[in-house]
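Since the structure comes first, as structure tokens, the remarks are kept for the end.
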Amino acid sequence: DVIADRLFVTIESARAATGRAVHLIGHSLGGLLARSAATRRPDLIASVTTLGAPFRGIRGHPLVLFASDRVRDRLSRTREGKPDCYTGYCACPAVGGLTAPFPPSIPQMAVYTRSDGIVDWQYCITGDAATDFEVSGTHIGLVVNPAVYRLIATHLAAAGRSASSAGTRG
């Protein structure tokens, strides 16, 4: 929730500065946060793009999960009264946002790579061929992949056109 709260401060600031809903683009955990924000405050969000974000569940590389367990263990020692943080039983609003249905009014795009190497690509897709886009590369490489930026540009242009015609987002 700490990171999600910081994201909402940024979103609300951008909304206040522009008077428009915000387009969120998130890589990995950032994609999970973006989707959670969209379900919690759809009035602030124009569109969501995820890059290698396992929003359908966590199934990662065993070494990544091992590292995650170590982080959770350390946090559990410093966050008394929150033993479920970083588990499937966490009841924080940010986690709740991930389990809520994604708002159909918000355009979304999921970019993934089958050779991710960190998360299972099958957990990074919506299941809708119109919103799922495969690229070549690795998990970390998604943030510097020119093909990804072309997809994002196309997605944002389409979201902007639909916002202009609807007069509500963009």
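One table, with the values for the structure above:
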read-out	value
Net +/- balance of residues flanking Asn145 in space, Cβ distance below 14 Å, scoring K and R +1, D and E -1	0
Separation of the Ser162 and Thr10 label points, Cα + 7 Å toward Cβ, nm	2.4 nm
Under Karplus coefficients 6.51, -1.76 and 1.60, residue-wise ³J(HN,Hα) of region 110-117 in Hz, glycine/proline x	10, 9, 9, 9, 5, 9, 3, x
Linear extension gain, Ala100 paired with Arg20, 0.36 nm per residue minus alpha-carbon span	26.4 nm
Spin-label pair Ile118/Ala130, simplified geometry with 7 Å Cα→Cβ offset, distance in nm	3.0 nm
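Read-outs: derived from the displayed coordinates by stated rules, not from any lab. Bear in mind that the values here come from a model prediction, so they are computed numbers and not experimental data. For neighbour counting, all protein chains shown are included, and Cβ atoms are generated from backbone atoms with ideal geometry for every residue, glycine included.
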